[in-house]
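Chemist: Here's a structure for you.
The values are calculated or read from the model by the stated rules, or taken from the named source; none is laboratory data. The structure presented is a predicted model; accordingly, all values stated were derived computationally and were not measured. No Cβ is skipped: glycine too gets one built from the backbone with ideal geometry, and neighbour counts run over all protein chains shown. Remember, those area values only see protein heavy atoms, side chains included, never the ligands or the DNA or RNA. Shrake-Rupley method; radii C 1.70, N 1.55, O 1.52, S 1.80 Å.
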Amino acid sequence: MMESFAFEHKYIAVFGLGKSGLATAERLSAGNAHVFVWDDNQSRRDLASSKGLELMDLISEAWPVTDALILSPGVPLTHPTPHPVVSIALNAGAEIVGDIEVFLKEKQAGRVVGVTGTNGKSTTSALIDHLLSSAGRAVALGGNIGTPVMDLPQLPNDGIYVLELSSYQLDLTPSWKADIAILLNITPDHLDRHGDMAGYAAVKCRIFQNQSEAGVAIVDADDLICAAINSELKQHSKAKIVPISVKRPVEGGVYVIDGLLSDLSIGDQSWTIDISDIASLRGRHNWQNAAAAVAAVSHLGLTPDQIEVGLRSFGGLAHRMENVGSLDQVTFVNDSKATNAEAAEKALTSFNDIFWIAGGRQKVGGIKQLSPHFDRIREAFLIGEAAESFATELDGKVGYSICKDLDEATKAAAHAARNLPSESIVLLSPAAASFDQFDSFEARGDAFRNVVNDLIKGDK
């Protein structure tokens, strides 16, 4: 794991003791920083205390002279209003940063690939990691996906860190600089935390900050906002610009048309592969993910043969269009990671005869944009805070039931789907956040998988 000595003998406050906050606090403490921590959750405070970390109520108690506040990405920095701890930190003269900033000060070697976007960043990050590891490269995957960055190992000079970054994390990383930076798309999301689309796009655009002539900027050419960013980069960035597209050929980039991926990003070394038959990369959204990943690893030295082997052995991402079992002619698909309509649209356009489980804590815009795909849905099973709102949108277009929880919805959807004489899909693709009923989208997806497993076992 990452050793931490850049803050030795300095006073560091850590607010938010989830996986990343706790890992950062432990590494800082082991590196002889004076660390004091707090979380609103008592069980997390208890866990931190059991690990020997010093608790201090960062809202109620007076701080000592403090060099930095390490802030959890989930805590509001600016919008809708700054969390009280932010104002207190500024008054104490503390720099406010996140764990990625600490990581950048601590890593000793290796290149960094940064991946962001409203949707697809987890799959793209995981795919890059898989392509590199299957080719025998030293690679570590972390950030907003899986392992906290301070739990990653120190890599050798030829090692590669693949970091998925949310807008919140970019907001807390002033010295961010990637060797390869990827922006997949920008659609409305987290607007409560960034004020408006302009604020959200500006934060996402930081993925390209500080890049040198040796850097590579991979950016979507299809999304209107990203296309504008692409034009700006061409004028002002020192990095090599590599466009990606799933709609049209792009000069000097990587594109996928009808499942045929073409890489024109490395001079005259262009090559093509048909990825239409790779189940884990089904759908246009996954073609975009593949295009971005291929552009990245091509610039990291992988050969076309190595890339093809990696693409064909990629198993996909948990909670993202994940096949979790079958019963009779019914396939159960866990797409719990679809926490907004834009993400859910990817799943709805990939299947027919869908028995759709949706709902949770509603995002801005609800599911209105999904109406062109309602003809793919046989019946909807609605859960959580968004159930009534989603029902209003579906009324008169798709039959629906409002269910008390995910367990009831899954069983009801399975029963309805089994009555269909042909193959069908029970799809959990909520188009909403999980926090009304679950701690995370992962917990929601695991709960769905458990219900499906019980149904399959009970049928034997």
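Chemist: Which parts of the range 329-351 would a label at Ser371 reach, counting a residue when its backbone N lies under 19 Å from a point 7 Å out along Cα-to-Cβ?
Modeler: 341-346, 348-349
Chemist: The range 54-94 to the range 315-349: how many Å between their Cα centroids?
Modeler: The range 54-94 and the range 315-349 have Cα centres spaced 38 Å from each other.
Chemist: Let me check against my output: what whole-number percent is the relative contact order of the range 27-128, with C-alpha pairs under 8 Å and at least 6 apart?
Modeler: Result for the range 27-128 is 19 percent.
Chemist: Let me ask you something else. Over the range 283-438, what is the percentage of antiparallel beta bridges among all DSSP beta bridges, to the nearest 5?
Modeler: 25 percent
Chemist: Same structure again: Mind checking the per residue accessible area of the range 1-52 for me, 1.4 Å probe, whole number of Å²?
Modeler: Solvent-accessible surface per residue comes out at 47 Å².
Chemist: Also, quick follow-up: Roughly what % antiparallel, to the nearest 5, for the DSSP beta bridges in the chain? Please report the intermediate quantities before stating the final value.
Modeler: Numbers: 14 of 71 bridges.
If I count the DSSP bridges inside the chain, around 20 percent turn out antiparallel.
Chemist: May I ask you to evaluate 6.51 cos²θ - 1.76 cosθ + 1.60, the Karplus curve with θ = phi - 60°, for each residue of the range 54-70 and list the ³J(HN,Hα) values in order in whole Hz, giving x for glycine and proline?
Modeler: Each residue of the range 54-70 in turn: 7, 8, 8, 5, 6, 9, 9, 9, 6, 7, x, 4, 10, 7, 8, 10, 8 Hz.
Chemist: The range 230-296 to the range 1-36: how many Å between their Cα centroids?
Modeler: After rounding, the separation between the Cα centres reads 39 Å.
Chemist: When the accessible area of the range 410-460 is computed with all protein chains present and a 1.4 Å probe, what percentage of it is carbon and sulfur?
Modeler: With neighbouring chains kept in place, the figure for the range 410-460 is 49 percent.
Chemist: Can you give the accessible area of Phe208 in Å² (nearest 10), computed on protein heavy atoms with a 1.4 Å probe?
Modeler: Roll a 1.4 Å probe over it and Phe208 shows about 10 Å².
Chemist: Just the accessible area per residue of the range 204-278, please: how many Å² with a 1.4 Å probe?
Modeler: Normalised by residue count, the accessible surface of the range 204-278 is 49 Å².
Chemist: On the accessible surface of the range 319-398, probed at 1.4 Å, how many percent belong to carbon and sulfur atoms?
Modeler: Summing carbon and sulfur atoms, their accessible area is 40 percent of the total for the range 319-398.
Chemist: Which of the listed residues, Ala293, Ala386, Gly93, is farthest toward the dipole's positive end in the chain, when Lys, Arg count +1 and Asp, Glu count -1 at the beta-carbon?
Modeler: It is Ala293, whose Cα lies furthest towards the positive end.
Chemist: Continuing with this model, one more query. Enumerate by residue number the trypsin sites (Lys or Arg not before Pro) in the range 37-93 meeting two conditions: DSSP loop (anything except H, G, I, E, B), and at most 14 other Cβ atoms within 10 Å of the site's Cβ.
Modeler: Hits after loop and neighbour filter: Lys51.
Chemist: Here's another thing I want to ask about it. Using +1 on the beta carbon of Lys and Arg, -1 on that of Asp and Glu, and nothing else charged, what's the dipole of the chain about the Cα centre, debye to 20? Working shown, then result.
Modeler: Working: 39 positive and 58 negative charges, 78 e Å.
Its charge dipole is roughly 380 debye.
Chemist: Averaged per residue, what accessible area in Å² does the range 311-460 show with a 1.4 Å probe, protein chains only? Please report the intermediate quantities before stating the final value.
Modeler: Values: 6470 Å² over 150 residues.
Spelled out: the 1.4 Å probe surface of the range 311-460, per residue, equals 43 Å².
Chemist: Per the 1.4 Å probe, what fraction of the accessible area of the range 145-300, in percent, lies on carbon and sulfur atoms? Please report the intermediate quantities before stating the final value.
Modeler: Numbers: 3010 of 5980 Å².
Using a 1.4 Å probe with all protein chains present, the range 145-300 comes out at 50 percent carbon and sulfur.
Chemist: Which FRET efficiency value, to the nearest 0.05, do you get for Asn450 and Phe5 by plugging their Cβ-Cβ distance into 1/(1 + (r/R0)^6) with R0 = 45 Å?
Modeler: The pair Asn450/Phe5 has a calculated efficiency of 0.55.
Chemist: Assuming 0.36 nm per residue, please report the length gained on full extension of the stretch Gln42 to Ile257 beyond their Cα-Cα distance.
Modeler: Working: separation 215, 0.36 × 215 = 77.40 nm, distance 5.17 nm.
Between Gln42 and Ile257, full extension yields 72.2 nm more.
Chemist: Can you pull the percent of Cα pairs in the range 355-401 with separation above 15 Å?
Modeler: Considering the range 355-401, 33 percent of its Cα-Cα pairs are separated by more than 15 Å.
Chemist: Using 1/(1 + (r/R0)^6) with R0 = 30 angstrom and r between the beta carbons of Lys404 and Asp57, what's the FRET efficiency to the nearest 0.05?
Modeler: 0.20
Chemist: Report the relative contact order of the chain, percent, no decimals, based on alpha-carbon pairs under 8 angstrom and at least 6 residues apart.
Modeler: 11 percent
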